[in-house]
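The values are calculated or read from the model by the stated rules, or taken from the named source; none is laboratory data. Since this is a predicted model, take the numbers as computed values, not measurements. Glycine also receives a Cβ, built like all others from the backbone with ideal geometry; neighbour counts cover every protein chain displayed. To get the accessible areas, we keep the full protein, side chains included, count just its heavy atoms, and leave off ligands, DNA and RNA. Shrake-Rupley method; radii C 1.70, N 1.55, O 1.52, S 1.80 Å.
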Amino acid sequence: LGIASSAWREDMRLAELSYGKWEGFSWAEIEIDHPTAMADWRADPHGYCPPGGETHFDLRRRCEAVLTEIAASGVRTVVVSHG
């Protein structure tokens, strides 16, 4: 894009969902200690919170905050994220 790296900024509010203590583990590994984890998540996918993690509602709130700031700034901005 021709943007100098000095003009980039990283904003952790756009990071993917935090799975807390479950980060890096497969569902099979998680269910060893939390046998109902997948069923619990499926029962309330937007409100379920992994231990030490965040809900989809939390994720949406923090992303909305930064995107609102960007829109209000009036500055042409490229936002890159995943997950």
Spin-label pair V79/F25, simplified geometry with 7 Å Cα→Cβ offset, distance in nm: 3.2 nm
Could you compute how much accessible surface M38 exposes when probed at 1.4 Å, giving the result in Å² to the nearest 10? 40 Å²
At a probe size of 1.4 Å, how large is the accessible area of C49, to the nearest 10 Å²? 60 Å²
SASA check, R60, accessible area w/ 1.4 Å probe, all protein chains in place, rounded to nearest 10 Å², comes out at 120 Å²
Using only the Cα atoms of the chain, each taken as one equal point scatterer with no solvent, compute I(q) by the Debye sum, divide by I(0), and report log10 of the ratio at q = 0.10, 0.13, 0.19, 0.27 Å⁻¹. -0.36, -0.55, -0.88, -1.38
Using the basic label-point model (7 angstrom from Cα toward the beta carbon), what is the A43 to R60 distance in nanometres? 2.1 nm
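Identify the chymotrypsin sites (Phe, Trp or Tyr not before Pro) of the chain meeting these criteria: DSSP loop state and at most 12 other C-beta atoms within 10 Å of the C-beta. If you can, show how the numbers build up before the last one.
Numbers: sites: W8, Y19, W22, F25, W27, W41, Y48, F57; in loops: W8, Y19, F25, Y48.
Within the chain, the qualifying chymotrypsin sites (Phe, Trp or Tyr not before Pro) (loop, at most 12 other Cβ atoms within 10 Å) are W8.
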